[in-house]
Amino acid sequence: MFNRKEEFVAQAGAAETVVGTSVKLKGTLKSDGDITVDGSVNGEIKTKGTVTIGPNANIIANVHAKNVNVAGTVQGNVVATDRLNVSESGRVYGDISANILSISAGALFSGKSTMAENIKEPEIELTAEKEEIVEDVLEPATK
Amino acid sequence: MYYYIINPASGGGKINKIQDKLKERLRELGIAGEFAKSTGPGDVARLTHMAIERGYKTIVAVGGDGTINEIINAIASPSVALGMIPMGFSNELATMLGITDWQTACNILAARKVEQVDLGLINDKLFVTAASIGFDNILFDLKRKQQDGALGRFAYSAKLSAAARTFKPIHLDFNFDGKYSVETDCFNFSLSNGAFLSYLPQKSKPQDNMLDAVLISHLSHSDAVKYGQGTLDLARKLGQVSVFHTKKITITSKEPVTVSADGKAVAETPVTIEVSDRKLKVIVSRKRRF
């Protein structure tokens, strides 16, 4: 995760699609490659790769990707078919679904969470529907 | 046989100094062909039409990106291949194709390895390298004046610094493939047909049927000067840089602004730019960037 600006820049530099800080995007942003957002997006983001949401990003959109890293604000549902990381500056207002979920201390998450891999196992408690500020990193093994 | 179109004005008349050596080298390689010199605006297109009518299958541009732009807009036949001997102030296409100087160009022409590349289309004009709006247009103008001898080194630096100080970002609206729209203030916008910009991802190729849009929202005075000198590391300016991939883009602005392609002003906003259905056969080096 990118707790420092340099780390965010390093990740963004490898991305195929980059939405810069002062850019406002409306509509459906689809890609096969990695997407980095540090500006505003209103609509939908879909990719087979990784979506990296920078600390200045303000996203009103559903996000669907293999991996999603959140350091900014997302108002919408987030589906990561593999891994979802919400760093300490991340804010997610919406439902999240991931195979592997990591939420850092200080992050804000308001919505329902689903661990995709465990959906078929009804004996395990999977969801939380209350607004919460998560203090610890959540990994599947802690459930 | 090869048909060479020489633009004697390219690169401030660089060709005039090496013309005899060049012809001698081409004779040594057995590809001397026929030479024609353009005499003014529109003449490169006229010579290209004439060469095709006479059955030439290879036309060689002895000039820069501007000369190449005129030739590709005049080549109507898909069977004609384009070669180049770089002589312009801007030789972006030759550089990407691995053609670094006239001596290398001669060897590459003799080896005649041909690849097909995409072309961009602005209204009804084709381009092969990139289209630009914003600060690039000031740079093209300054570089042209420098090559023509109208600006010395120090005068060029002073003009560049002044332009970097006074240039106001332009508010532009973009629509990408009819799927999403983007609005931002732009210091510069480039739409590249391949790896013409060093900070683009390695995957960008002039054969992927896509154009790479790079938007630079704003730069400080010192960074704008570095950009003009080609020394700014844009990979470290993320946040100010946006990158999108598209087949078709529509650009609008409150006031009409100049759109250039291959280093020449060709249109004004509002404008639609897209990947053309037409492709271009070019003679390339084995050391090309794609």
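Rounded to whole Å and sorted largest first, list the principal axis extents of the Cα atoms in the range B:128-229.
45, 28, 19
Per Stokes-Einstein, at 37 °C and 0.692 mPa s, what whole-number D in µm² s⁻¹ belongs to the range B:19-63, with the Kirkwood radius over Cα pairs as the hydrodynamic radius? Don't jump to the answer; show the numbers that get you there.
Numbers: Rh = 11.7 Å.
Estimated diffusion coefficient is 282 µm²/s.
Along the principal axes of its C-alpha atoms, what lengths does the range B:90-163 span, in descending order and rounded to whole Å?
Cα spread of the range B:90-163 along its principal axes, largest to smallest: 44, 35, 16 Å.
Would you kindly derive the ³J(HN,Hα) couplings of the range B:246-253 from the backbone phi angles with the Karplus curve 6.51 cos²θ - 1.76 cosθ + 1.60 (θ = phi - 60°), listing them in order in whole Hz, with x for Gly and Pro?
Calculated HN-Hα couplings, in order: 8, 9, 8, 9, 10, 10, 10, 8 Hz.
With a 10 Å cut-off between alpha carbons and a GNM built on chain B, which of B:Gly263, B:Gly55, B:Gly83 moves the most?
B:Gly55
Take the Cα radius of gyration of the range B:35-165 and divide it by 2.2 N^0.38 Å, with N its residue count; two decimals is plenty. Numbers along the way, then the final one.
On the way: Rg = 16.3 Å, N = 131, 2.2 N^0.38 = 14.0 Å.
Ratio of Cα Rg to 2.2 N^0.38 Å: 1.16.
For B:Lys23 and B:Lys145, what does the FRET efficiency come to when R0 = 25 Å and r is the distance between their Cβ atoms, rounded to the nearest 0.05?
On the way: r = 30 Å, r/R0 = 1.19.
The calculated FRET efficiency here is 0.25.
For the range B:143-290, what mean projected area does the convex hull of the alpha carbons give, in nm²?
Working: hull surface 42.1 nm².
Result: a mean projected hull area of 10.5 nm².
Which angle between 0 and 90 degrees, to the nearest 10, do you get for helix B:102-111 versus the longest principal axis of chain B when only C-alpha atoms count?
60 degrees
Which cross-chain or sequence-distant (5 or more) residues have an amide H under 5 Å from the amide H of A:Gly43, H modelled 1.01 Å from N in plane?
Under 5 Å from the amide H of A:Gly43 lie the amide H atoms of A:Gly27, A:Ile60, A:Ala61, A:Asn62, each far enough along the sequence or on another chain.
Report, to one decimal in Å, the Kirkwood hydrodynamic radius for the range B:2-112 based on all distinct Cα pairs.
Working: mean 1/r = 0.0734 Å⁻¹.
With all distinct Cα pairs of the range B:2-112 included, I get 13.6 Å.
Most mobile of B:Glu92, B:Glu255, B:Glu268 per a Gaussian network model of chain B (Cα springs, under 10 Å)?
So, out of B:Glu92, B:Glu255, B:Glu268, the one fluctuating most is B:Glu255.
Using amide H atoms built in the peptide plane, which far-off residues or other-chain residues are under 5 Å from B:Phe35 H to H?
Here B:Tyr4 satisfy the definition.
Please give the helix B:43-53 orientation as an angle from the longest Cα principal axis of chain B, in degrees from 0 to 90, rounded to the nearest 10.
Here the helix axis deviates by roughly 50 degrees.
Helix B:65-74: angle to the longest alpha-carbon principal axis of chain B, degrees 0 to 90, nearest 10?
70 degrees
In deg cm²/dmol and to the nearest 500, what is the mean residue ellipticity at 222 nm of the protein assembly as shown if only DSSP H runs of at least 4 residues count, each as -39500 (n - 2.57), divided by the residue total? Could you put the intermediate results ahead of the total?
Working: 9 runs with 96 residues, N = 433.
Result for the protein assembly as shown: -6500 deg cm²/dmol, rounded to the nearest 500.
Which net charge results for the neighbourhood of B:Lys248, defined as the other residues with beta-carbon distances under 14 angstrom from its beta-carbon, given Lys and Arg at +1 and Asp and Glu at -1?
Working: positive: B:Lys179, B:Lys247; negative: B:Asp118, B:Asp177, B:Asp212, B:Glu274, B:Asp277.
Net local charge, B:Lys248 excluded: -3.
Specify the residue with the greatest mean-square fluctuation among B:Ser192, B:Ser79, B:Ser260, computed from a Gaussian network of chain B linking alpha-carbon atoms under 10 Å apart.
So, out of B:Ser192, B:Ser79, B:Ser260, the one fluctuating most is B:Ser79.
Please list the radius of gyration and Dmax for the protein assembly as shown, considering alpha-carbon atoms only, with Å as the unit.
25.4, 86
Report the normalised scattering of chain B as log10 I(q)/I(0) at q = 0.10, 0.13, 0.14, 0.16 Å⁻¹, calculated by the Debye formula with identical scatterers on the alpha carbons.
-0.53, -0.90, -1.04, -1.32
Along Cα→Cβ, 7 Å out, is where each label goes; now give me the distance between the ones at B:Lys287 and B:Glu274 in nm to one decimal.
About 3.9 nm separates the two model spin labels.
Report the residues of the range B:239-265 in range of a label on B:Ala155: point 7 Å along Cα→C-beta, backbone N strictly under 13 Å from it.
Zone members listed by number: none at all.
Calculate one ³J(HN,Hα) per residue across the range B:83-88 by plugging θ = phi - 60° into the Karplus curve 6.51 cos²θ - 1.76 cosθ + 1.60, and present them in order as whole Hz with x for glycine and proline.
x, 8, 10, x, 9, x
Arrange the following residues from fewest to most other Cβ atoms within 10 Å of their Cβ: B:His218, B:His49. Working shown, then result.
Values: B:His218 19, B:His49 13.
Exposure proxy ranking, most exposed first: B:His49, B:His218.
Let me spell out the model: positive unit charges on the Cβ of Lys and Arg, negative unit charges on the Cβ of Asp and Glu, origin at the Cα centre of the protein assembly as shown. What dipole size does that give, in debye rounded to 20?
Details: 51 positive and 49 negative charges, 432 e Å.
For this selection, approximately 2080 debye.
No lab work stands behind these numbers, since they all come straight from the coordinates. Owing to the predicted nature of the structure, the values given are computational and were not obtained by experimental measurement. Positions of Cβ are generated from backbone atoms using ideal geometry, with glycine treated the same way; all protein chains shown enter the neighbour counts.
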